[in-house]
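Colleague: Pasting in a structure now, in C-alpha coordinates, and then I'll have a few things to ask.
The values are calculated or read from the model by the stated rules, or taken from the named source; none is laboratory data. For clarity, every value in this text was computed on a predicted model and none was experimentally measured. In this analysis, Cβ positions are derived from the backbone assuming ideal geometry, glycine residues included, and neighbour counts consider all displayed protein chains.
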Amino acid sequence: MKRKDIAFYTLTLAALFVCARAAWLALIGAPADSVQGNIQRVFYFHVPLVWVSFISFVGGAVMSIRYLKSRELAHDVWALAFIKTGWTFTSTVLVTGPLWAKPVWGVLWNWGDERLVSFFVMWMMYNGYLLLRSTIADRDKAARVGAVLAVLAVMNAVLVVAAIYIWKTASHPGPVLVRKEGTGLVDPLMRQAFLTSFMGFTLLFLSLLIARHRVEKNKAVFDEISH
(Lines give C-alpha, C1' and ligand atoms only; values in the text may rest on other atoms or scores of the structure.)
Protein backbone atom coordinates (compact mmCIF):
# COMPACT_ATOMS: atom_id res chain seq x y z
CA MET A 1 0.00 0.00 0.00
CA LYS A 2 1.32 3.44 -0.95
CA ARG A 3 2.07 6.09 1.67
CA LYS A 4 -0.60 8.35 0.21
CA ASP A 5 -3.19 5.62 0.65
CA ILE A 6 -2.09 4.98 4.23
CA ALA A 7 -2.30 8.70 5.01
CA PHE A 8 -5.77 8.91 3.41
CA TYR A 9 -7.17 5.95 5.34
CA THR A 10 -5.62 7.23 8.56
CA LEU A 11 -7.23 10.63 7.98
CA THR A 12 -10.60 9.00 7.26
CA LEU A 13 -10.49 6.88 10.41
CA ALA A 14 -9.49 9.91 12.48
CA ALA A 15 -12.37 11.89 10.98
CA LEU A 16 -14.88 9.16 11.81
CA PHE A 17 -13.55 8.80 15.36
CA VAL A 18 -13.64 12.54 16.09
CA CYS A 19 -17.08 12.90 14.49
CA ALA A 20 -18.40 10.03 16.62
CA ARG A 21 -16.98 11.69 19.73
CA ALA A 22 -18.51 15.01 18.67
CA ALA A 23 -21.91 13.39 18.13
CA TRP A 24 -21.85 11.89 21.63
CA LEU A 25 -20.90 15.20 23.22
CA ALA A 26 -23.44 17.16 21.19
CA LEU A 27 -26.38 14.81 21.71
CA ILE A 28 -25.68 13.37 25.17
CA GLY A 29 -22.66 14.83 26.97
CA ALA A 30 -23.35 18.57 26.75
CA PRO A 31 -26.23 20.04 28.76
CA ALA A 32 -29.27 21.52 27.06
CA ASP A 33 -29.30 25.25 26.39
CA SER A 34 -31.06 27.27 29.11
CA VAL A 35 -33.23 29.12 26.60
CA GLN A 36 -33.61 26.95 23.48
CA GLY A 37 -33.54 23.55 25.14
CA ASN A 38 -32.43 20.40 23.35
CA ILE A 39 -33.05 21.77 19.86
CA GLN A 40 -29.97 23.95 20.33
CA ARG A 41 -27.92 20.77 19.90
CA VAL A 42 -28.38 21.18 16.14
CA PHE A 43 -25.98 24.12 16.49
CA TYR A 44 -23.05 21.77 17.08
CA PHE A 45 -23.55 20.35 13.58
CA HIS A 46 -24.95 23.37 11.77
CA VAL A 47 -22.10 25.81 12.37
CA PRO A 48 -19.22 23.43 11.50
CA LEU A 49 -21.09 22.52 8.31
CA VAL A 50 -21.22 26.21 7.40
CA TRP A 51 -17.49 26.52 8.14
CA VAL A 52 -16.44 23.69 5.81
CA SER A 53 -18.82 24.99 3.14
CA PHE A 54 -17.00 28.30 3.09
CA ILE A 55 -13.49 26.88 3.08
CA SER A 56 -14.56 24.61 0.21
CA PHE A 57 -15.66 27.52 -1.93
CA VAL A 58 -12.65 29.65 -1.04
CA GLY A 59 -10.43 26.72 -1.98
CA GLY A 60 -12.34 26.32 -5.23
CA ALA A 61 -11.88 30.00 -6.05
CA VAL A 62 -8.16 29.92 -5.26
CA MET A 63 -7.60 26.89 -7.49
CA SER A 64 -9.73 28.49 -10.21
CA ILE A 65 -7.56 31.61 -10.16
CA ARG A 66 -4.48 29.42 -10.39
CA TYR A 67 -6.02 27.66 -13.39
CA LEU A 68 -6.81 30.96 -15.14
CA LYS A 69 -3.19 32.02 -14.68
CA SER A 70 -1.54 28.75 -15.71
CA ARG A 71 -4.18 26.94 -17.79
CA GLU A 72 -3.07 23.73 -16.09
CA LEU A 73 -6.00 21.33 -15.80
CA ALA A 74 -4.57 19.94 -12.56
CA HIS A 75 -5.67 23.16 -10.84
CA ASP A 76 -9.14 22.88 -12.35
CA VAL A 77 -9.43 19.31 -11.06
CA TRP A 78 -8.75 20.57 -7.55
CA ALA A 79 -11.24 23.44 -8.02
CA LEU A 80 -13.94 21.01 -9.11
CA ALA A 81 -13.18 18.73 -6.16
CA PHE A 82 -13.40 21.65 -3.72
CA ILE A 83 -16.70 22.91 -5.08
CA LYS A 84 -18.40 19.53 -5.37
CA THR A 85 -17.41 18.73 -1.79
CA GLY A 86 -18.57 22.14 -0.63
CA TRP A 87 -21.90 21.76 -2.40
CA THR A 88 -22.59 18.61 -0.39
CA PHE A 89 -21.96 20.35 2.93
CA THR A 90 -23.90 23.46 1.88
CA SER A 91 -26.91 21.34 0.97
CA THR A 92 -26.75 19.78 4.44
CA VAL A 93 -26.70 23.27 5.99
CA LEU A 94 -30.02 23.98 4.25
CA VAL A 95 -31.44 20.95 6.09
CA THR A 96 -30.03 21.53 9.58
CA GLY A 97 -30.93 25.24 9.49
CA PRO A 98 -34.72 24.77 9.18
CA LEU A 99 -34.61 21.92 11.72
CA TRP A 100 -33.19 24.40 14.22
CA ALA A 101 -35.30 27.35 13.11
CA LYS A 102 -38.79 25.86 13.26
CA PRO A 103 -38.97 25.10 17.02
CA VAL A 104 -37.09 28.27 18.02
CA TRP A 105 -38.34 30.98 15.64
CA GLY A 106 -41.56 29.35 14.48
CA VAL A 107 -40.71 29.15 10.76
CA LEU A 108 -38.71 26.77 8.59
CA TRP A 109 -37.64 29.55 6.27
CA ASN A 110 -38.07 33.33 5.98
CA TRP A 111 -37.63 34.87 2.53
CA GLY A 112 -37.49 38.28 4.18
CA ASP A 113 -34.29 37.39 6.04
CA GLU A 114 -31.32 38.73 4.09
CA ARG A 115 -28.92 36.31 5.76
CA LEU A 116 -30.92 33.25 4.80
CA VAL A 117 -31.53 34.48 1.27
CA SER A 118 -27.86 35.34 0.70
CA PHE A 119 -26.88 31.81 1.74
CA PHE A 120 -29.53 30.33 -0.56
CA VAL A 121 -28.26 32.47 -3.44
CA MET A 122 -24.75 31.16 -2.78
CA TRP A 123 -26.03 27.58 -2.94
CA MET A 124 -27.86 28.33 -6.20
CA MET A 125 -24.74 29.87 -7.73
CA TYR A 126 -22.81 26.68 -7.10
CA ASN A 127 -25.71 24.66 -8.47
CA GLY A 128 -25.37 26.77 -11.60
CA TYR A 129 -21.62 26.14 -11.64
CA LEU A 130 -22.07 22.38 -11.58
CA LEU A 131 -24.97 22.40 -14.04
CA LEU A 132 -23.21 24.62 -16.56
CA ARG A 133 -20.01 22.59 -16.43
CA SER A 134 -21.95 19.40 -17.06
CA THR A 135 -23.44 20.86 -20.26
CA ILE A 136 -20.12 21.92 -21.84
CA ALA A 137 -18.48 19.06 -23.70
CA ASP A 138 -15.14 20.78 -24.29
CA ARG A 139 -12.97 20.18 -21.20
CA ASP A 140 -10.88 23.34 -21.56
CA LYS A 141 -13.90 25.55 -22.16
CA ALA A 142 -15.72 24.03 -19.20
CA ALA A 143 -12.69 24.71 -17.02
CA ARG A 144 -12.46 28.35 -18.15
CA VAL A 145 -16.16 29.06 -17.66
CA GLY A 146 -16.18 27.23 -14.35
CA ALA A 147 -13.16 29.15 -13.09
CA VAL A 148 -14.82 32.51 -13.80
CA LEU A 149 -18.05 31.39 -12.11
CA ALA A 150 -16.16 30.10 -9.07
CA VAL A 151 -14.44 33.46 -8.58
CA LEU A 152 -17.73 35.35 -8.93
CA ALA A 153 -19.56 32.96 -6.61
CA VAL A 154 -17.00 33.24 -3.81
CA MET A 155 -17.68 36.99 -3.70
CA ASN A 156 -21.23 36.17 -2.64
CA ALA A 157 -19.84 33.77 -0.04
CA VAL A 158 -17.97 36.72 1.49
CA LEU A 159 -21.27 38.61 1.59
CA VAL A 160 -22.91 35.70 3.42
CA VAL A 161 -20.30 35.92 6.18
CA ALA A 162 -20.64 39.70 6.40
CA ALA A 163 -24.45 39.40 6.48
CA ILE A 164 -24.29 37.86 9.97
CA TYR A 165 -23.01 41.21 11.26
CA ILE A 166 -24.72 43.59 8.80
CA TRP A 167 -28.33 42.43 9.16
CA LYS A 168 -30.00 41.70 12.48
CA THR A 169 -33.11 39.59 11.93
CA ALA A 170 -35.35 37.65 14.29
CA SER A 171 -35.48 34.42 12.26
CA HIS A 172 -31.76 33.75 12.36
CA PRO A 173 -29.32 34.13 15.28
CA GLY A 174 -26.26 36.30 15.31
CA PRO A 175 -22.98 35.01 16.77
CA VAL A 176 -24.05 32.61 19.54
CA LEU A 177 -20.84 31.34 21.14
CA VAL A 178 -21.19 33.65 24.15
CA ARG A 179 -23.92 36.20 24.73
CA LYS A 180 -24.30 39.00 27.19
CA GLU A 181 -27.46 37.59 28.73
CA GLY A 182 -25.64 34.42 29.79
CA THR A 183 -26.81 32.09 27.06
CA GLY A 184 -24.56 30.53 24.44
CA LEU A 185 -21.77 28.05 25.10
CA VAL A 186 -21.40 28.87 28.78
CA ASP A 187 -20.80 25.29 29.95
CA PRO A 188 -17.33 23.72 29.37
CA LEU A 189 -18.94 20.59 27.89
CA MET A 190 -20.84 22.74 25.41
CA ARG A 191 -17.62 24.37 24.26
CA GLN A 192 -15.94 20.97 24.09
CA ALA A 193 -18.80 19.61 21.98
CA PHE A 194 -18.56 22.55 19.60
CA LEU A 195 -14.77 22.42 19.21
CA THR A 196 -14.78 18.64 18.76
CA SER A 197 -17.50 18.88 16.13
CA PHE A 198 -15.59 21.70 14.45
CA MET A 199 -12.49 19.52 14.28
CA GLY A 200 -14.42 16.41 13.23
CA PHE A 201 -16.18 18.07 10.31
CA THR A 202 -12.93 19.69 9.18
CA LEU A 203 -11.21 16.29 9.10
CA LEU A 204 -14.23 14.77 7.36
CA PHE A 205 -14.13 17.55 4.78
CA LEU A 206 -10.45 16.92 4.08
CA SER A 207 -11.08 13.20 3.68
CA LEU A 208 -14.00 13.72 1.29
CA LEU A 209 -12.06 16.37 -0.62
CA ILE A 210 -9.17 13.99 -1.25
CA ALA A 211 -11.57 11.23 -2.30
CA ARG A 212 -13.40 13.58 -4.66
CA HIS A 213 -10.12 14.81 -6.10
CA ARG A 214 -9.12 11.23 -6.90
CA VAL A 215 -12.43 10.71 -8.71
CA GLU A 216 -12.15 13.94 -10.70
CA LYS A 217 -8.52 13.25 -11.56
CA ASN A 218 -9.38 9.79 -12.89
CA LYS A 219 -12.28 11.24 -14.90
CA ALA A 220 -9.97 13.89 -16.40
CA VAL A 221 -7.45 11.21 -17.41
CA PHE A 222 -10.21 9.07 -18.93
CA ASP A 223 -11.62 12.03 -20.89
CA GLU A 224 -8.17 12.86 -22.21
CA ILE A 225 -7.60 9.28 -23.36
CA SER A 226 -11.04 8.97 -24.93
CA HIS A 227 -10.56 12.15 -26.92
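Colleague: Take Trp51 and decide whether it is in a helix (DSSP H, G or I), modelled with pLDDT of 95 or more and assigned by TED's automatic domain parsing to the domain that holds Ala150. Walk me through it before giving the result.
Modeller: Values: in a helix (DSSP H, G or I): yes; modelled with pLDDT of 95 or more: no; assigned by TED's automatic domain parsing to the domain that holds Ala150: yes.
Answer is no for this residue.
Colleague: Scan Val158, Val215, Val221 and give me the residue that is surrounded by fewer than 17 Cβ atoms within 10 Å (Cβ to Cβ), part of a helix (DSSP H, G or I) and at pLDDT 90 or above.
Modeller: Val215
Colleague: Which of the residues that make up segment 64-119 are under 23 Å from Phe222 (Cα atoms) and hydrophobic (A, V, I, L, M, F, W, C)?
Modeller: Once the filter is applied, which keeps residues that are under 23 Å from Phe222 (Cα atoms) and hydrophobic (A, V, I, L, M, F, W, C), segment 64-119 yields Leu68, Leu73, Ala74, Val77, Trp78, Ala79, Leu80, Ala81, Phe82, Ile83.
Colleague: Taking the criterion of being more than 24 Å from Tyr44 (Cβ to Cβ), of a type in the set (D, E, K, R), assigned by TED's automatic domain parsing to the domain that holds Pro48 and without any contact (Cβ under 8 Å) to a residue 40 or more places away in the chain, would at least one residue in segment 126-133 satisfy it?
Modeller: There is no residue in segment 126-133 that is more than 24 Å from Tyr44 (Cβ to Cβ), of a type in the set (D, E, K, R), assigned by TED's automatic domain parsing to the domain that holds Pro48 and without any contact (Cβ under 8 Å) to a residue 40 or more places away in the chain.
Colleague: Answer yes if at least one residue in segment 27-36 is of a type outside the set (Lys, Arg), within 21 Å of the chain's Cα centre (by Cα), outside any loop (DSSP other than H, G, I, E, B) and within 16 Å of Met199 (Cβ to Cβ), and no otherwise.
Modeller: no
Colleague: Name every residue in segment 1-26 that is in a loop (DSSP other than H, G, I, E, B) and either within 20 Å of Arg191 (Cβ to Cβ) or hydrophobic (A, V, I, L, M, F, W, C) (or both), in order of residue number.
Modeller: The answer is Met1, and nothing else.
Colleague: A further question follows. Starting from residues that are farther than 21 Å from Val160 by Cα and β-branched (Val, Ile, Thr), keep the ones in segment 29-64 and report whichever is surrounded by the most Cβ atoms within 10 Å (Cβ to Cβ).
Modeller: Top of the filtered list is Ile39.
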